[in-house]
Structures are given as C-alpha cells and as structure tokens.
1. Identify all residues within the range 38-63 that are at pLDDT below 85 and either closer than 18 Å to residue 28 by Cα or in contact with a Gly (Cβ under 7 Å, 6 or more places away or on another chain) (or both); write none if there are none.
2. Being part of a helix (DSSP H, G or I), modelled with pLDDT under 90 and surrounded by 10 or more Cβ atoms within 10 Å (Cβ to Cβ) narrows it down to one residue among 15, 10; which is it?
3. Scan the range 25-42 for residues that are in a helix (DSSP H, G or I) and out of contact with any strand residue (DSSP E or B) (no Cβ under 7 Å at 6 or more places or on another chain) and jot them down.
4. Kindly indicate the residue of the range 20-46 that is aliphatic (A, V, I, L, M) and more than 11 Å from the chain's Cα centre (by Cα) and also farthest from residue 57 (Cα to Cα) among those meeting that condition.
Amino acid sequence: MMGSDKNSPSVKQRSLDLINAEIAMKRAAIKAREIAEKTGTAVVTSENEVIREEYPNQASSSQ
C-alpha cells in the first residue's frame with residue numbers, strides 16, 4: 001500500500017506534464033500551419049507510419 005501512496009502524486013504530476021505538453025504541441029502545429037500558409041510551403045506530418053504533405057489552402061489567403 002505504501003508503494004501506491006508514493007506513486008499517486010507522481011502519476012498526477014506526470015499527467016499534468018503530459019497535458020501541458022499536448023497543449024504546447026497543438027499550439028506549435030497551428031503556428032507551423034500559419035507559417036506554411038504565409039510561405040506557400042507544405043506541412044509534413046506522419047501518422048501510423050504514413051507520411052503526408054499538407055499544402056496550405058491558397059483560396060483562404062487574403063491579399
């Protein structure tokens with residue numbers, strides 16, 4: 001029982017760290033897409049070992 005008591009706070013702290021990391025990664029992804037749209041370059045992503053290139057929507061850029 002002592003092991004689970006010691007583990008509980010660190011598990012909660014780890015969860016907060018993971019939550020904050022996820023928020024930061026989402027913010028970075030938004031910023032990368034904004035930069036890609038401004039520069040006309042692709043955003044390269046990987047999901048399930050599949051690499052994709054996302055190109056910005058040229059119609060949404062305002063001039």
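1. Going through the range 38-63, the residues at pLDDT below 85 turn out to be 56-63.
Scanning the range 38-63 gives a single hit, 56.
2. Values: 10 fails: surrounded by 10 or more Cβ atoms within 10 Å (Cβ to Cβ).
Result of the check over 15, 10: 15.
3. If we filter the range 25-42 for residues that are in a helix (DSSP H, G or I), which is where we start, we get 25-39.
Scanning the range 25-42 gives 25, 26, 27, 28, 29, 30, 31, 34, 35, 37, 38, 39.
4. As a first pass, look at the range 20-46 and keep what is aliphatic (A, V, I, L, M): 21, 23-25, 28-30, 32, 35-36, 42-44.
Now narrow it down to the ones that are more than 11 Å from the chain's Cα centre (by Cα): 35-36, 42-44.
Details: 35: 12, 36: 10, 42: 10, 43: 12, 44: 15 Å.
Here the residue is 44.
The values are calculated or read from the model by the stated rules, or taken from the named source; none is laboratory data. These numbers were taken from a predicted model, which means no experiment stands behind them. Every residue, glycine among them, receives a Cβ derived from its backbone with ideal geometry; neighbour counts consider all protein chains shown.
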